[in-house]
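The values are calculated or read from the model by the stated rules, or taken from the named source; none is laboratory data. These figures come from a predicted structure and were not determined experimentally. Every residue, glycine as well, gets a Cβ built from its backbone with ideal geometry; the counts of neighbours run over all protein chains shown.
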There are 2 protein chains.
Amino acid sequence: MENNISQAVIRRMPRYYRYLGELLENGVERISSKELSERMQVTASQIRQDLNNFGGFGQQGYGYNVEFLYEEIGRILGLTKVHNVALFGVGNLGAAIANYVNFEKLPFRMIGLFDVDQKKKDRIVGGIPVMMIDEFEDFIKEHRVDIAVLTLPKDAAMPVAERLVSLGVRAFWNFAHVDLMVPDDVVVENVHLSDSLMQLSYNMTGR
Amino acid sequence: MENNISQAVIRRMPRYYRYLGELLENGVERISSKELSERMQVTASQIRQDLNNFGGFGQQGYGYNVEFLYEEIGRILGLTKVHNVALFGVGNLGAAIANYVNFEKLPFRMIGLFDVDQKKKDRIVGGIPVMMIDEFEDFIKEHRVDIAVLTLPKDAAMPVAERLVSLGVRAFWNFAHVDLMVPDDVVVENVHLSDSLMQLSYNMTGR
């Protein structure tokens, strides 16, 4: 069943997860869908509908057990195992992401940073040394890399992605301003900053 | 009419704009919805439907004039005027965004960088000096600030946003891991990196 769930639902799940995490930190044990709805600015029926996609987790009139729901959503989101991450392109954005991934309490672990610039070799970023991009082939023979982060210029992203795919990488977190062409069994999550900025600009017009 | 368009359509418009920009750079003058569709991995009828929201821009069997469509979408997206941007929180991510905004060919101009850390005062990032956050009130009296970028820790974001709203800022590009509570006439575009990473993780499960 979980395979047919729309990406719109999936986009809301991390938000639920974040909120429930905050509630847990604040010692809240139980929450009604009405309260959760007010906090999240989503209708209570939307929340019930979203969760019903995964079998539902509440009892009518009794609300949700926060810890149980948090853990179930974590499981749905694939957060019960550690994902090893390697990053390509250690510029400003790459460095920010490297620090970010290791800092977050989520089960993603930055295990390798790669760049083409010899001057960056062995520089420590986010606690680990930068390697040269040519070292990746040897690196991947000894380490499981689940996710490749591409914080590269547009023109460099596609050739690097192709090489990584041929070396067995099956998931990309893409910050380059290009839509990657990859085989069907490869997952890509794009963060297109310019698209986001243009959406903001659109929503500003007429105000 | 344009006010009732769904955010899903709006999310696709920047992609069209990016692609059309690339076509223009490559000297392509005219494109059929079929070709555009193959390039963008969206159905031709989806493209026609999306553009019909704004009045449609093609002639049956004749395709789209690339430059005209590019400019019209730019107008729709509010890209015909320059937006002044100020950024709050000059860490790794803030520095990356500051460089990014000035580098892109889009009409967004970074005019002020603000931080709480005295050690960062007057440091040059993306071509402009970092100011202290207390200087913003004077700054906004002399400059029009259309968009505030929040690259701040979660707990700092909401108080800063409230202060900016009271000073008249009406649009936020929010990178802090918190959903801002702002008045209805304020626009917020969120870039929640952890949500994006969790979506990737979800889409990886079962592969």
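Of all the residues that make up region A:53-82, how many are at pLDDT below 85 and away from chain B (no Cβ under 13 Å)?
9
Return the pair list, or none, for Cβ contacts closer than 6 Å from residues in region B:62-79 that are more than 14 Å from B:R48 (Cα to Cα) to residues that are at pLDDT 90 or above and in a loop (DSSP other than H, G, I, E, B), at least 6 apart or on different chains.
Partner pairs satisfying both residue conditions: B:V66/B:V28; B:V66/B:E29; B:L79/B:P107.
List pairs: first residue in region A:4-33 and more than 10 Å from chain B (Cβ to nearest Cβ) and crowded, with 19+ Cβ neighbours inside 10 Å, second residue among the hydroxyl-bearing types (S, T, Y) and outside any strand (DSSP E or B) anywhere in the structure, Cβ distance under 7 angstrom, at least six positions apart or on different chains.
Pairs found: A:L20/A:Y70.
Taking into account only those residues within region A:110-125 that are exposed (fewer than 13 other Cβ atoms within 10 Å of the Cβ) and of a type in the set (K, R), which is nearest to the other protein chains (Cβ to nearest Cβ)?
Of everything passing the filter in region A:110-125, A:K119 is nearest to the other protein chains (Cβ to nearest Cβ).
Quick one: count up the residues across region A:83-99 that are in a helix (DSSP H, G or I) and either more than 7 Å from chain B (Cβ to nearest Cβ) or buried (at least 21 other Cβ atoms within 10 Å of the Cβ) (or both). Walk me through it before giving the result.
Kept after step one, since they are in a helix (DSSP H, G or I), are these residues of region A:83-99: A:92-99.
The next check asks that each one be either more than 7 Å from chain B (Cβ to nearest Cβ) or buried (at least 21 other Cβ atoms within 10 Å of the Cβ) (or both); those that pass are A:93-98.
The number of residues fulfilling the criteria is 6.
Could you tell me which numbered condition B:E162 fails, if it satisfies all but one of (1) surrounded by fewer than 16 Cβ atoms within 10 Å (Cβ to Cβ); (2) touching a strand residue (DSSP E or B) at 6+ places or on another chain (Cβ under 7 Å)?
Of (1) surrounded by fewer than 16 Cβ atoms within 10 Å (Cβ to Cβ); (2) touching a strand residue (DSSP E or B) at 6+ places or on another chain (Cβ under 7 Å), only one is false for B:E162: (2).
A quick yes/no check of all residues on (1) more than 24 Å from A:N102 (Cβ to Cβ); (2) touching a residue at least 40 places away in the same chain (Cβ under 8 Å); (3) touching a helix residue (DSSP H, G or I) at 6+ places or on another chain (Cβ under 9 Å); (4) not in a loop (DSSP other than H, G, I, E, B):
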residue: A:A148; (1), (2), (3), (4): no, yes, yes, yes
residue: A:P159; (1), (2), (3), (4): yes, no, no, yes
residue: A:V165; (1), (2), (3), (4): yes, no, no, yes
residue: A:F172; (1), (2), (3), (4): no, no, yes, yes
residue: A:D179; (1), (2), (3), (4): yes, no, yes, no
